[in-house]
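Take a look at the structure below.
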Amino acid sequence: MTEVMPKGKLYESQKLALLYFWVALALFGAQILFGLLAAWQYLDPGFLYGKLNFMTNRMLHINAMIVWLLLGFMGGVYWFLPLELGREVVGIRLARFAFFTLVAAVGVVVLVYLLVQYGPGNAFTLWFITEGREYIEAPRWADLGIVAVMAIFLYNVVATALKAKRITGVVAVLMFDLVALAGLYTAGMHYTPNISMDQYFWWWVVHLWVEATWEVLVGSIMAMALMHLLGTPRRIVETWLYLEVALVFGTGILGLGHHYFWIGTPEYWLGLGGFFSALEPIPLVAMVVHAVYDAGMHRMQTVNQPALFWAIAQAFGNFIGAGVWGFMQTLPQINLYSHGTQLAPAHGHLAFFGAYVTAILTVIYMALHQVRRADWPRFDSKLWKWAFVLMVVSIFGMSAAMTVAGFTQTMVERAIGGSTWQAYIEAQTHPWFQNGMVWRFVFGVFFLVSYLVLLWDLATIGKGRAAQAKGVGAHD
Amino acid sequence: MEIGWIETTIGALFATAILTLWLSRGSGWLEPRFWRNAAWVSALIMTGILVYLTIDSLNQIREGSARVPAYTVINKAIGLKRDYEKHRDIPVIGDEVGFFGRTWSEEEAYALVNKGKLTLQSRNCMDCHTLLGNGAYFAPDLTRAWLDPKWENMVMSMTGKATKEEAMAEWLQHPDRYPTFARRMPNLHLSEEEARALVAFLKWMSAIDTNGFPDRFAGVQ
Ligand code: HEM
Ligand code: HEM
Ligand SMILES: [Fe+2]
């Protein structure tokens, strides 16, 4: 793969990728911090009440997540693209400019969120403070900025492929997917008083991102990762990628209907959404089979131990978090009662972590290998295992706690209580629910610890005494 | 025309399979070419169907349609009734009863609900509450908030207001003063006008036909 570049030398595009990764990791930290504040407010509702309210912490929590995952993906693409195409990315200065603009814009948005928090009910607030629509709360000016940055990014991918006069299957999939991903974001930029129409298009961003275009994006990134990690032949990797794309789009596009059961939309969505979304786990099973088969072929021996483990975690995490926890509540007969309970974040946490956080960590470890110790035949450290195990245990712990709380809510508030305000209160004060919230916080603290260990490992792996370089087997 | 979901499903799967097989004739199903074809065929067919259904759905959820009421519904009495054939609750729109003591014209009702929606977004309500079941889980679902018995059972006497809409508007402006349980809604500094607009928005939303969500709200008969 790296014939063009001598070992240990980096493309400019790859140096830029590193910047993306470090900022992404910092925002990951911010996400955890605000998640913990929000989780604590469940236990102590007076905490920061009126000063930094739940909604503001939660908004920062999920927006930090969206931005850092996008930064991580862009970093991943900038890392692999020159390797795929055998040449430098064309608009590297433009890319750098876009990066610093984006970071500055995120800084401004965060400051406004923290200091201004909300505004009067008019268009000014929507343009300059917040749009107040879960996940895409960013004010309109920032939306336009994000679209501009995406456009630069797209231009770079396409122009580099054209210049290289070479296009691989992975890059072709990537290009079409990124166009769709950026296009979908614009579906989330319209205001309407009609809440049914509002949510109709809101889900085009939220669902068609995470269950269609992001899924294909990580599919392409993981395809490139597996080729480098395990030396799997391109023909096999690309055939699997096509299969995954066919199944993800084949099930996920109409699977969108599982969000159209109850928002005012017509009845046919009950059947269509239920059917197609119930099939969405199939491509996720395919990804597990692919990853396990490839890794098993190599007896888990690879050039990069932490990256391989995160890659395997990605396959399983995607299947369990998105496939199993999503399937659990996707049929309308179940969703009628579970909709909008803690079961949703139980699934949301496991899925976002399992499918996307793991993918980005895989690429970061691969990048660090090249940056710090391209001469090591096998990249490894003692610490990463601790971060890995603790992080996986913590996210499962949090999700398990929310699953118990969500089930209590489904039964007590929805099935028995008639979904009123009072029924809500009864469920929220039920001991099973409250215990769930305590355990969610406890595992959240573990999660923070695992994040710190992870950061420490990322900062130090491959540095200092080269003690861990065992240099066992594995191809280069 | 009614669109049948089974026909659509079978049609979509069938078309994808046939077109993929036809385009890939001559190559085995394990070859990259087969799956490359499958990938873009399924993407195009499913997107096409989604676009078609979107046009139909948007028509059916336009305000003033059978599923989503006109904004002037705020002038009417609103209730829920059990449809025992489908076993689900459906909203029923009753007589003219007025809203804040008067009748609102089409433009006035639109302006009011619109203001309510802007206020909803500007105060980020959906990062604590769910609406139509979507949002955050820190506070109750608001889909049928207008119909919630708590306004009459508790909030009217707590605020000393004579009508439900006045009680709601007062409560929304000072939720910190009228706690209902340990978790209190923060004071979001709503103006009187914004609070009334929000009540209008909630009333309008409660008349949307949601295919029966939430089931048996407040034990509907
Ligand atoms: C990596 C992929 C996925 C991610 C990141 C993800 C994430 C999420 C999140 C965050 C929500 C909550 C949305 C909200 O705030 O209202 C959600 C809802 C939902 N997801 Fe997923 N999801 C994924 C895949 C899936 C799959 C494959 C299925 C089905 C098999 C599924 C089924 C559902 C359902 C039914 C809901 C609605 C829950 C409710 O009614 O409250 N998801 N998802
Ligand atoms: C210390 C760790 C974390 C804590 C304590 C935490 C806590 C929370 C809390 C309290 C909420 C609000 C739920 C509600 O509305 O009731 C939330 C929402 C959410 N968090 Fe986290 N979180 C953590 C880590 C993460 C991670 C690692 C991810 C994903 C990578 C994540 C993704 C999300 C998502 C997608 C939502 C919205 C879910 C929905 O609407 O259904 N969180 N989190
Ligand atoms: Fe979805």
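The values are calculated or read from the model by the stated rules, or taken from the named source; none is laboratory data. Predicted model only: the values in this text are computed from it and were never measured. Positions of Cβ are generated from backbone atoms using ideal geometry, with glycine treated the same way; all protein chains shown enter the neighbour counts. With ligands, DNA and RNA removed, areas are computed over all heavy atoms of the protein, side chains included. Shrake-Rupley method; radii C 1.70, N 1.55, O 1.52, S 1.80 Å.
On full extension, the segment bounded by A:Phe100 and A:Trp22 gains 26.8 nm, given 0.36 nm per residue less the C-alpha separation.
The mean number of Cβ atoms from other chains found within 10 Å of a Cβ in peptide A:49-58 is 6, as a whole number.
Each Lys and Arg contributes +1 and each Asp and Glu -1, all at the Cβ; summed about the Cα centre of the protein assembly as shown, the dipole is approximately 2280 debye. Protein heavy-atom accessible surface, 1.4 Å probe, per residue over region A:1-128: 39 Å². Ranked by the mean number of other Cβ atoms within 10 Å of their residues, highest first, the peptides A:13-21, A:375-383 come out as A:13-21, A:375-383. Charging the Cβ of each Asp and Glu at -1 and of each Lys and Arg at +1, and nothing else, the dipole of region B:1-125 about its Cα centre rounds to 460 debye. Burial of accessible area (probe 1.4 Å, heavy atoms of protein chains only) in region A:337-372, relative to its chain alone, reaches at least 50 Å² for A:His339. In this calculation the C-beta distance from A:Leu111 to B:Glu192 is compared with R0 = 30 Å, giving a FRET efficiency of 0.50.
Give the relative contact order (percent, whole number) for region A:6-167; include only Cα pairs under 8 Å separated by 6+ residues.
Worked out over region A:6-167, it gives 27 percent.
Across peptide A:236-246, the average count of Cβ atoms from other chains found within 10 Å of a residue's Cβ is 5.
Which residue, A:Tyr365, A:Asn335, A:Gly462, has the largest displacement toward the positive end of the dipole of region A:280-476 when charges sit on each Cβ (Lys, Arg +1; Asp, Glu -1)? Farthest towards the positive end: A:Gly462.
Spatial offset of region A:247-277 relative to region A:67-141 amounts to 30 Å, using the alpha carbon center of each. The modelled label-to-label distance between B:Tyr178 and A:Thr192, using points 7 Å beyond Cα along the C-beta direction, is 3.3 nm. Here is the list for region B:1-78: chymotrypsin sites (Phe, Trp or Tyr not before Pro) lying in DSSP coil, each with at most 15 other C-beta atoms within 10 angstrom of its C-beta, are B:Trp29. Going through the cross-link list B:Lys86/B:Lys164; A:Lys9/A:Lys385; A:Lys51/B:Lys164; B:Lys86/B:Lys117; A:Lys15/A:Lys463; A:Lys9/A:Lys163, which pairs have a Cα-Cα distance over 20 Å in this structure? Over 20 Å Cα-Cα: B:Lys86/B:Lys164; A:Lys9/A:Lys385; A:Lys51/B:Lys164; B:Lys86/B:Lys117; A:Lys9/A:Lys163.
Couplings for region A:264-269, taken from phi via the Karplus curve 6.51 cos²θ - 1.76 cosθ + 1.60 with θ = phi - 60°, read x, 6, x, 5, 4, 5 Hz in order; Gly and Pro are left as x.
Find the sum over both chains of the accessible area lost when A and B are paired, probe 1.4 Å, and report it in Å² to the nearest 100. Write out the running numbers ahead of the final one.
Numbers: alone 20520 and 13370 Å², together 26310 Å².
The buried area between A and B, both sides summed, comes to about 7600 Å².
Which number comes out as Rg/Rh for region B:5-60 once both Rg and the Kirkwood Rh are worked out on C-alpha atoms? Before the final figure, lay out each step's value.
Values: Rg = 13.5 Å, Rh = 12.2 Å.
Taking Rh as the inverse mean 1/r over Cα pairs, Rg/Rh reads 1.11.
Across peptide B:2-9, the average count of Cβ atoms from other chains found within 10 Å of a residue's Cβ is 5.
Taking a ≥ b ≥ c as the square roots of the eigenvalues of the Cα gyration tensor, region B:71-219 is rounded, since a/c falls below 1.5.
Computed over chain A, relative contact order equals 14 percent, with contacts defined as Cα pairs under 8 Å that lie 6+ residues apart.
Counting only DSSP H runs of at least 4 residues, each contributing -39500 (n - 2.57), and dividing by the residue count of chain A, the helix-based mean residue ellipticity at 222 nm comes to -23500 deg cm²/dmol. Computed with a 1.4 Å probe on the full set of protein chains, the accessible area for A:Met197 sits at about 40 Å². For chain B, the relative contact order works out to 21 percent when only alpha carbon pairs closer than 8 Å and six or more residues apart are counted.
Taking every eigenvalue of the Cα gyration tensor of region A:320-476, multiplying by 5 and rooting it, what semi-axes result, largest first, whole Å? Can you show the working numbers first?
Details: eigenvalues 358, 52, 17 Å².
Each semi-axis is √(5λ); the values are 42, 16, 9 Å.
Placing unit charges on the Cβ atoms of the charged side chains and taking the dipole of the protein assembly as shown about its Cα centre, the candidate lying farthest along the positive direction among B:Ser42, A:Met175, B:Val199 is A:Met175.
Please work out the FRET efficiency for the pair A:Val442 and B:Thr47, using the Cβ-Cβ distance as r and a Förster radius of 60 Å; give the result to the nearest 0.05.
Values: r = 44 Å, r/R0 = 0.73.
The calculated FRET efficiency here is 0.85.
For region B:1-118, state the average projected area of the convex hull of the C-alpha atoms over all orientations, rounded to one decimal in nm². Don't skip to the answer; put the middle values down first.
Numbers: hull surface 47.3 nm².
Taking the Cα atoms of region B:1-118, their convex hull projects to 11.8 nm² on average.
Using a 1.4 angstrom probe with every protein chain in place, what is the largest-first accessible-area order of B:Leu188, B:Leu23? Spell out each step's value before the answer.
Working: B:Leu188 15, B:Leu23 50 Å².
In descending accessible area the options line up as B:Leu23, B:Leu188.
Tally up the carbon and sulfur contribution to the accessible surface of region A:6-167 as a whole percent, 1.4 Å probe, everything protein left in place. That fraction is 73 percent.
With semi-axes defined as the square roots of five times the eigenvalues of the C-alpha gyration tensor, the equivalent ellipsoid of region A:6-167 measures 36, 18, 10 Å, largest first.
Rounded to a whole number of µm²/s, how large is the Stokes-Einstein D of region A:30-99 at 37 °C and 0.692 mPa s, given Rh as the Kirkwood radius over C-alpha pairs?
Values: Rh = 14.6 Å.
Value of D from the Cα-based Kirkwood radius: 225 µm²/s.
Note on region B:5-60: with neighbouring protein chains present and a 1.4 Å probe, carbon and sulfur make up 76 percent of its accessible heavy-atom surface.
For chain A, the longest principal axis of the alpha carbon atoms and the long axis of helix A:54-85 meet at an angle near 20°. A:Leu71 exposes around 10 Å² of accessible area when a 1.4 Å probe is run over every protein chain in place. The fraction of accessible area contributed by carbon and sulfur in region A:237-376 is 72 percent, rounded to a whole number (1.4 Å probe; ligands and nucleic acids excluded). Of all the Cα-Cα pairs you can form in the protein assembly as shown, what percent are over 48 Å apart? So the portion of pairs separated by more than 48 Å is 16 percent. Hey, if you put +1 on the Cβ of every Lys and Arg and -1 on every Asp and Glu Cβ in region A:6-167, which of A:Val90, A:Val147, A:Ala64 ends up farthest toward the positive end of that dipole? Result: A:Val90. Accessible area per residue was computed with a 1.4 Å probe on protein heavy atoms; B:Lys203 scores about 0 Å². Relative to the dominant Cα principal axis of chain A, helix A:169-185 is inclined by about 30°.
Among B:Asp95, B:Asp176, B:Asp141, the sequence by solvent-accessible area, most first, with a 1.4 Å probe is B:Asp95, B:Asp176, B:Asp141.
Modelled label positions at B:Arg62 and A:Gln301, each set 7 Å beyond Cα in the direction of Cβ, lie 6.8 nm from each other.
Simple spin-label estimate for A:Ile334 and B:Glu7 gives 3.1 nm between the two label positions (7 Å along the Cα-to-Cβ direction from each Cα).
What FRET efficiency do you get for B:Asp215 and A:Lys9 if R0 is 56 Å and r is their Cβ-Cβ distance, rounded to the nearest 0.05?
Details: r = 63 Å, r/R0 = 1.12.
Rounded to the nearest 0.05, the efficiency is 0.35.
What the phi angles of region A:417-434 give under the Karplus curve with 6.51, -1.76 and 1.60, with θ = phi - 60°, is a coupling list of x, x, 6, 7, 4, 5, 5, 4, 4, 4, 5, 5, 9, 5, x, 4, 5, 5 Hz, glycine and proline written as x.
Rounded to the nearest 20 debye, the dipole size of region B:71-219 about its Cα centre is 400 debye, using +1 on the Cβ of Lys and Arg and -1 on the Cβ of Asp and Glu.
Please compute the per residue accessible area over region B:72-179 with all protein chains in place, 1.4 Å probe, rounded to a whole number of Å².
It amounts to 40 Å² per residue over region B:72-179.
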